[in-house]
Structure formats: structure tokens, C-alpha cells
Amino acid sequence: MGKRRSTVSDDELIGLATEAREFAHAPYSNFAVGAALLSADGRIFTGCNIEISTLGLTTCAERVAIFKAVSDGVREIARVAIVADHVDLAPPCGCCRQMMWEFGTEETEIILANLDGRVERFELKQLFPHAFDSSFLESLK
Ligand code: THU
């Protein structure tokens with residue numbers, strides 16, 4: 001159901017993403033990623049990347065956390081921390097950005113971090129401008 005916390009700091013969320021990263025199944029890329037998501041109703045869900053030998057079935061850490069959250073009833077994501085071990089912070093892929101947009105807001109905070117303590121913060125609207133979403137579908141009616 002996700003751990004419920006009244007408040008969670010960015011550092012705590014990064015810590016949980018770092019722990020989740022330990023479970024990454026990434027034997028093909030050897031690039032382990034962890035994510036920790038805070039829902040608008042105060043629950044935390046984590047995810048790691050899961051690679052499959054057919055490669056195309058690979059699921060990013062962010063989407064694993066989103067699937068876990070949405071399947072437990074979450075409909076709004078407030079913040080997501082993403083942790084990998086590289087000097088350049090790993091930005092979410094386009095597919096994950098689309099899913100964050102589906103369940104986020106323009107102000108959903110995306111925190112990128114590495115194991116050396118480098119951190120960058122974005123709002124989702126910065127990472128995903130000019131999105132296709134339900135408002136476009138509504139305009140077709
Ligand atoms: N990956 C993630 O889990 N999240 C990202 O934000 C970028 C990429 C994973 C997918 C794949 O398992 C590995 O990183 C290399 O692309």
C-alpha cells in the first residue's frame with residue numbers, strides 16, 4: 001500500500017531511491033537505477049529498473065514505482081527521486097515522462113541524484129513541455 005509519511009524530505013526520498021536501486025535487475029546494461037515516488041496523499045512507492053533479455057521489455061525504475069503506486073490507488077504524483085551511479089544525472093526517458101505527466105501535475109518535482117551526492121531538481125513541466133494528454137483528446141469531442 002506504500003509507506004505513509006506526513007512529510008518526507010528530498011534527502012529521505014533520495015535515500016529510499018538509493019535503497020531501491022540495490023534491487024535493480026540490470027544484467028544487460030549494468031546500469032542500475034532506483035526511484036522513489038511520493039504521492040499527493042502522502043504515500044511512498046519505490047522501484048528499480050527491470051531488464052529482460054529481449055531488451056525491449058525492459059521497464060525503467062520510475063515506471064515500476066508508478067505502476068506500484070497506481071495499482072494501489074494513487075492518482076497524483078507529488079515528487080519523484082531518481083538515483084543512478086553516474087557523474088551525469090540520469091534523466092527520465094520519454095516514456096516515463098509521459099507516464100509522470102499522466103499522473104502528475106505541471107509542478108510535480110523530479111529530483112535527480114547520484115551516489116556522490118550530486119542533486120538536481122526540476123518541475124515536470126520543464127522536462128515535458130508541449131505534452132500530448134487527455135486535454136487533447138477532450139478537444140476532439
Ligand atoms: N533506466 C531507468 O530505469 N530510468 C531512467 O531514467 C533511464 C534508464 C534504465 C533502463 C535500462 O534498464 C537502463 O537504465 C539502461 O537504459
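Brief remarks on what is shown
- Candidate cross-link partners of residue 68 among the lysines, defined by an alpha-carbon separation under 25 Å and a same-chain spacing of 8 or more, comprise 3, 125.
- Note on the chain: with neighbouring protein chains present and a 1.4 Å probe, carbon and sulfur make up 55 percent of its accessible heavy-atom surface.
- Our helix-only sum for the chain, with -39,500 (n - 2.57) per DSSP H run of n ≥ 4 divided by its residues, gives a mean residue ellipticity at 222 nm of -8000 deg cm²/dmol.
- For the chain: relative contact order, % (alpha-carbon pairs under 8 angstrom, 6 or more apart): 20
- Prolate/oblate/rounded label for the stretch 1-86 (Cα gyration tensor, a/c 1.5): oblate
The values are calculated or read from the model by the stated rules, or taken from the named source; none is laboratory data. What you are looking at is a predicted structure, and each value in this text was computed from that prediction instead of being measured. When the accessible area is computed, the model is the full protein with side chains, heavy atoms only, and any ligands, DNA or RNA have been set aside. Shrake-Rupley method; radii C 1.70, N 1.55, O 1.52, S 1.80 Å.
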